[in-house]
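Q: Quick one: the structure is below, and I'll ask about it shortly.
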Amino acid sequence: MKLKTVLMGAAGAMALSVGTTSAQDPVSLTIVSWGGAYTTSQVRAYHDPYMAENPHVTIINDDGSANALAGLRAQSQAGNVTWDLVDMLPSDAQLACDEGLILEIDHDEMLAAAPDGTSASEDFLPGSLGECFIPQIVYSTVLTYRPGAFSDDAQPSSIADLFDVENFPGRRALQDRPGTNLEWALYADGVDPDDIYEVLSTPEGVDRAFAKLDTIKEHIVFWTEGAQAPQLLADGEVVMATGYNGRMFDAIEVEGMDADIIWDGQVVEWDGWVVPAGGSNIEAVMDYLYWATDTQRLADQAKYISYGPARASSAPLVGEHADLGIDMNQHMPTNPDNYFSPIILDNDFWTDYGDELRERFANWMLQ
Amino acid sequence: MAQADARALANGAEPAPTDRAGRLQTADGVPLKTALRRAERRRKIAAFLLVAPLLFFILTFFVFPIAQMMWRSVDNPQVVRALPQTLEALQDWDGSDVPGEPVFAALHADMMADLERPRVAQAIGPLGIRLNYELSAARSAISRTARQVPNFEAPYRDAFMDSHRLWGDPALWRIIKREGRPLTSAYYVAALDREFDDQGNIVRRDENRRIYVQLFIRTILMSVAITFLTFMLGFPISYYLSILPMRYANLLMICVLLPFWTSLLVRTSAWIVLLQQQGVINTMLVQIGLISDDGRLSMIYNMTGTIIAMTHILLPFMVLPLYSVMRNIPPSYVRAAKSLGATPWTAFRRIYFPQTLPGIGAGGVLVFIISIGYYITPALVGGQSGRMISNEIARHMQQSLNWGLAAALGTMLLIGVLVLYWVYNRLVGADSLKLG
Amino acid sequence: MALPAYATTKDKIWYYTFRVICFAIFFFLLAPIVVMIPLSFNAQPFFSFTREMVTLNPEGYSLRWYRDFLGSDSWMRSIRNSFIIGIAATVLATTLGTIAALGLSRSEMPFKGAIMAILISPMIVPLIISAAGMFFFFSQLGISGTYLGVVLAHAALGIPFVIITVTATLVGFDQSLIRAAASLGASPTRTFFKITMPLILPGVISGALFAFITSFDEIVIVLFVAGPEQRTIPREMWSGIREDISPTILAVATLMVLLSVMLLTTLELLRRRNERMRGITPT
């Protein structure tokens, strides 16, 4: 309860603090995120403007999100929490929340309402809020290919083509984890997107998915970190690669890589903020969060990277890319033109079956 | 000391004083033997005091952390902490069918007690994560039920079984009972690709879930291959260096020492540059027409690349001990053998080679020890087929967060390495390691 | 060993084959390091020699990757971090290690073998295991993600090298010199600085160099124990290699090779000085 009082106090203080913040004590916030183009988009949309408005705040970027849960647990067990704000996936956030590593969030109390007065919990897209999780973006994992690697009249266009090495020969880059890969194996094998997790929770379904993966096994290069997938494509190591749509957008539109995105079967997921419990700058973090998750700020991030804002009220504000001037709407995973056969990643399924399927997947990779 | 006395006597000093029994005494009347022993002890203490700060440092910041990490491989507090009453109630349960109402009532009481605690101290979350290692979906059984528990009313058995199917599964209860002890062998069982069956016997896992034994074997095989390659490459050049005049040998030695002193990451990136598909070697092969542009070779991000890069990185560790042994082998032996009619091959095999064995042993064990625990190079250029056991430990440390399993795998690796270290010590002595 | 006049054809073939094999192996050792150097001046973002480079056209070469490197805040910060951590760890390891080596080389040192084995162990234990242990322990102490944590860890890794090199120097050390100094009325401190230190200095310096390069090149501990503010050069290279490997990495690598050459030369000069002082001449 004490914590809540502090937080409410913080929310109150925020209302008063606008414009007078420069007089405050200097505070340094360590914000953990994914690195690369994604962190850059946050720096430009959130961190830099926030620091300009609040000169007493310094933000340190740590690109440790890939191992965020390990870091949170170690810091919590040690009683020495050095991270102030962490960008992580909802499935990891749920685990951290169950373990009490991160703070519970009262979304309506701690976050700004939409400009038209809609409360935060109503404004964030349905299903995105978690007990301890503040969604920020919708991203998706998509298949991307190099048009030059195939003849003009036979370009790949679906997830089924990822598994078709006869007609689309060449190496493929997949992420070295079961998530997304098993879903796609079933989808390519004819399972309806809505039934995928039902099939995957049976032993026969798992066997079926691995059997499908077996068909392309010799043609797979695995990647671990988000930035590797576009790199493998750009270097010509592979002809197609799975990857996060924002990274692919960055490589194609900003870096000029010759590649196209296939939106069929895109695996959609949220990503967002959590606040580690026991941090020493909670008040400052809550002030930052209130500001950085409002309608305008979420729409701003879409100026730098093609991830969809997690608030309904932000969608109409999405405009052009800050440097390139291209319309970002057509690059959003949630754009109706792209959202025709999405697979919504089921986090509950993965927290339950993840341990077992990761072992099975590791075994499969070893064979 | 005896020497000093002898010297004193030889210099014509006064004869040393003795006591009534004729034992030697020091000037202040203490028997010499006692005085000597005391001085000896003082010097021992003085020597030890010099070493003490460092010993303390290493024990605190190196040995203790590792011991503590090893402890995690058997530490099993989650069930005991979360479900004390349930475990009590489970004592008489025979393990065959779903337990009766008293057990469920105790479970309800345990969960209610846990909800009273502040969030950070709650034991239910870690319990779910712990049980999920043993049984898929146990985590959601626990966490979903925990949210509903305040609304439960007796009889609890039905309420629990309605909230999640797993509460009606004796397998979950067997796991709770088995892991309801402060120490566990479960992580080692898993690290050996084994599991407990319904009767509590340890059996091998399903074939498609076996990982670690195979990975250990692969790690050992790769290390053997790397050790062998460093030997094959290291032996000729060490021999060549040892027969050259010192001036030239020192010059050529730079070829060995420069890589040795160059950053590991620099050398690893060098191999990426050379071996990748758009890299130097492939491009050259395409340009001279040996391979087609589509047929570029995959030499990196697989086992081949890992073995090449690691052989390069570890070669100096083979050459340095070999060279120092070979340098001290007198050439006269081989000459003598030849003059007695041995062919060069026989002379080499029977006379020269046996004398190099200490160097081969030292270099071989050293290279093997280093490669078996290697992490960075396989992580960067290993792809899937070049992964080694260290990479799996790191994955469990950082991603899957199964720290108990990481500790069990780490302990097994560490014990292997320590045994080899002991062998190495017997062979050459740790402090005789030559550096550069 | 030149070929004797009476060598047979077979001997001659073997003589030349053997040398060709040896030089191929030396080539294998050096080539990867040498190849990077021209590529770091590549005007194009490729890892292969362009036509302009092969024809020595100046347009094929540029300093853009060096400019990238020098203009990057994160690389500059990593250089500063590497030196801060490396020097602090070296001072700590060398001080503790030298004092301990003095004790270890005394004949009356009790439990010498066991203690030696413990002190050398950081060199033997796989880094991933040390890193995992320190990750937990340093978190508990609250020094994970601090300079202190990384320095302590790196000092532990550097200590075996100091112990080995200093005890090696002390093997030939004449203990009677200390007794002589003491009998002439010098205090133990004065004896240490006036007699012992100058004699073992080459060993201490080469031990310190080893400790420094160990810390300077270390990455596994940094991955586990360091925070974002302690990113060192290897840590930046690690991200660079894993994320987007650009020729900037090669520019850094070339500079690192230069540094290795400098360290190697220093070490060689020290070795010669040590041999001269102890009257050992190269044969």
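Q: On a 0 to 90° scale, report how tilted helix B:32-58 is relative to the longest principal axis of chain B, with both axes built from alpha carbons and the result rounded to the nearest 10.
A: It works out to around 50 degrees.
Q: Putting +1 on Lys and Arg Cβ atoms and -1 on Asp and Glu Cβ atoms, find which of A:Q94, B:Y248, B:G386 reaches farthest to the positive end of the dipole of the protein assembly as shown.
A: B:Y248
Q: Just check the range B:212-432 against the gyration tensor rule for me: Cα atoms, a ≥ b ≥ c as the square roots of the eigenvalues, rounded for a/c under 1.5, and otherwise prolate or oblate depending on whether a/b exceeds b/c.
A: oblate
Q: Measuring from label point to label point, each 7 Å out along Cα→Cβ, what is the A:T215 to B:R147 span in nm?
A: With each label point 7 Å from Cα toward Cβ, the separation is 3.8 nm.
Q: Still on this model: Would you mind counting up the charge near A:G226? Only other residues with Cβ under 9 Å from its Cβ, with Lys and Arg at +1 and Asp and Glu at -1.
A: Working: positive: A:R247; negative: A:E225, C:E243.
Net local charge, A:G226 excluded: -1.
Q: Fully extended, how many nm does the chain gain between B:S96 and B:R350 (0.36 nm per residue separation, minus their Cα-Cα distance)? Each step should come with its number before you reach the end.
A: Details: separation 254, 0.36 × 254 = 91.44 nm, distance 6.83 nm.
This chain segment gains 84.6 nm when fully extended.
Q: Sticking with this structure for a sec: In debye, nearest 20: dipole of the range B:77-182 around its Cα centre with unit charges on the Cβ of K, R (+) and D, E (-)? The partial results should precede the final answer.
A: Details: 13 positive and 14 negative charges, 115 e Å.
Charge dipole of the range B:77-182: 560 debye, to the nearest 20.
Q: Out of the DSSP beta bridges found with both residues in the protein assembly as shown, what percent are antiparallel (nearest 5)? Please report the intermediate quantities before stating the final value.
A: Details: 31 of 47 bridges.
Of the beta bridges lying entirely in the protein assembly as shown, close to 65 percent run antiparallel.
Q: How big is the charge dipole of chain B about its Cα centre, in debye rounded to the nearest 20, if each Lys and Arg gets +1 on its Cβ and each Asp and Glu gets -1 on its Cβ?
A: Magnitude of the dipole: close to 2380 debye.
Q: Could you sort the peptides A:211-220, B:264-273, C:84-93 by per-residue average Cβ neighbour count (10 Å cutoff), highest mean leading?
A: Ranked from most to least packed, the peptides come out as B:264-273, C:84-93, A:211-220.
Q: With the contact rule set at Cα under 8 Å and sequence spacing of 6 or more, what percent relative contact order holds for the range C:1-108?
A: Across the range C:1-108, relative contact order equals 13 percent.
Q: If you don't mind, another one. Each residue of the range B:284-292 in order: what ³J(HN,Hα) in whole Hz does its phi give by Karplus 6.51 cos²θ - 1.76 cosθ + 1.60, θ = phi - 60°, with x for Gly and Pro?
A: Using θ = phi - 60°, the values come out as 5, 4, 5, 5, 8, x, 6, 10, 8 Hz.
Q: Residue by residue through C:105-115, how many Cβ atoms from other chains fall within 10 Å of the Cβ on average? Before the final figure, lay out each step's value.
A: Details: counts 3, 7, 2, 10, 7, 6, 3, 3, 4, 0, 6.
Mean number of neighbouring Cβ atoms from other chains: 5.
Q: If you don't mind, there's one more thing I want to ask. Rounded if a/c is under 1.5, else prolate if a/b is larger than b/c, else oblate: which is the range B:77-182, with a ≥ b ≥ c the root eigenvalues of its Cα gyration tensor?
A: It comes out rounded by the Cα gyration axes.
Q: Sort C:S215, A:S128, B:S263, C:S107 so the one with the fewest other Cβ atoms within 10 Å of its own Cβ comes first.
A: On the way: C:S215 28, A:S128 19, B:S263 22, C:S107 8.
Ranked by crowding around the Cβ, least crowded first: C:S107, A:S128, B:S263, C:S215.
Q: Just add up the charged neighbours of A:Q77: K/R +1, D/E -1, any other residue whose Cβ is under 13 Å from the Cβ of A:Q77.
A: Working: positive: A:R73, B:R72; negative: A:E99, B:D75.
Taking every Cβ under 13 Å from that of A:Q77, the sum is 0.
Q: Dipole of the protein assembly as shown, Cα-centred, from +1 at each Lys and Arg C-beta and -1 at each Asp and Glu C-beta, to the nearest 20 debye?
A: The dipole of the protein assembly as shown has a size of about 9260 debye.
Q: Which length gain, in nm to one decimal place, applies between C:S187 and C:Y16 when the Cα-Cα distance is subtracted from 0.36 nm times their residue separation? Could the numbers behind the result be given before it?
A: Numbers: separation 171, 0.36 × 171 = 61.56 nm, distance 6.19 nm.
Net length gain for the segment: 55.4 nm.
Q: A further question on this structure: Obtain the nm distance between the two label points defined at C:F23 and A:S121 by a simple spin-label model: each point lies 7 Å from its Cα along the Cα-to-C-beta direction.
A: For C:F23 paired with A:S121, the spin-label model returns 8.0 nm.
Q: Once you put a point 7 Å from the Cα of B:L183 and another 7 Å from the Cα of B:L420, both along the Cβ direction, what distance in nm separates them?
A: Result for the modelled spin labels: 2.9 nm.
Q: Moving to a separate point now. Applying 1/(1 + (r/R0)^6) with R0 = 45 Å to the Cβ-Cβ distance of A:T202 and A:D323, what FRET efficiency is obtained, to the nearest 0.05?
A: Once the sixth-power term is evaluated, E becomes 0.40.
Q: Related question: Using only alpha carbon pairs under 8 Å that are at least six residues apart, calculate the relative contact order of chain B and give it in whole percent.
A: In percent, rounded to a whole number, it is 15.
Q: Something else now. Which one, C:L177, C:L201, C:I159, is farthest towards the positive end of the dipole of chain C when Lys and Arg carry +1 and Asp and Glu -1 on their Cβ?
A: The residue sitting farthest along the positive end of the dipole is C:L177.
Q: What shape does chain C have by the C-alpha gyration tensor, where a ≥ b ≥ c are the square roots of the eigenvalues, rounded means a/c under 1.5, and otherwise prolate means a/b greater than b/c and oblate the rest? Mind dumping the intermediate values first?
A: Details: a/c = 2.19, a/b = 1.23, b/c = 1.79.
Here chain C falls in the oblate category.
Q: With unit charges on the beta carbons (Lys and Arg positive, Asp and Glu negative) and the dipole taken about the Cα centre of the range A:142-227, which residue among A:S157, A:P203, A:V221 sits farthest to the positive side?
A: Toward the positive end, the furthest listed residue is A:V221.
Q: So which of A:K212/A:K303; B:K44/C:K194; B:K33/C:K112 end up more than 30 Å apart, counting from Cα to Cα? Provide the component values of the computation, followed by the final result.
A: Values: A:K212/A:K303 38 Å; B:K44/C:K194 24 Å; B:K33/C:K112 24 Å.
Checking Cα-Cα distances, A:K212/A:K303 exceed 30 Å.
Q: Same structure, new question: Taking R0 as 56 Å, what FRET efficiency do you get between C:L3 and B:E40 from their Cβ-Cβ distance, rounded to the nearest 0.05?
A: 0.40
Q: Let me ask you something else. Averaging sequence separations of C-alpha pairs under 8 Å and six or more residues apart, then dividing by the length of the range B:212-432, give the relative contact order as a whole percent.
A: Values: 231 pairs, mean separation 57.8, N = 221.
26 percent.
Q: Using r as the Cβ-Cβ distance of C:M197 and A:D260, and R0 as 45 Å, what FRET efficiency do you calculate, to the nearest 0.05?
A: 0.05
Q: Where in the range A:325-352 does the label zone of A:E253 land, with the point 7 angstrom along Cα→C-beta and an amide N cut-off under 14 Å?
A: Inside the label zone: A:325-335, A:338.
Q: Summing +1 for each Lys or Arg and -1 for each Asp or Glu, what net charge is found among the other residues whose Cβ lies under 15 Å from the Cβ of C:M76? Don't jump to the answer; show the numbers that get you there.
A: Values: positive: C:R67, C:R77, C:R80, C:R231, C:R235; negative: C:D68, C:D73, C:E229, C:E236.
That works out to +1.
Q: Turning to a different aspect of this structure: Ranking request for peptides B:69-81, C:262-274: highest mean number of other beta-carbon atoms within 10 Å first, then the rest in descending order.
A: Going from most to least packed, we get B:69-81, C:262-274.
No lab work stands behind these numbers, since they all come straight from the coordinates. This is a predicted model, so every value here is computed, not measured. Virtual Cβ from ideal backbone geometry, glycine too; neighbours counted across all protein chains shown.
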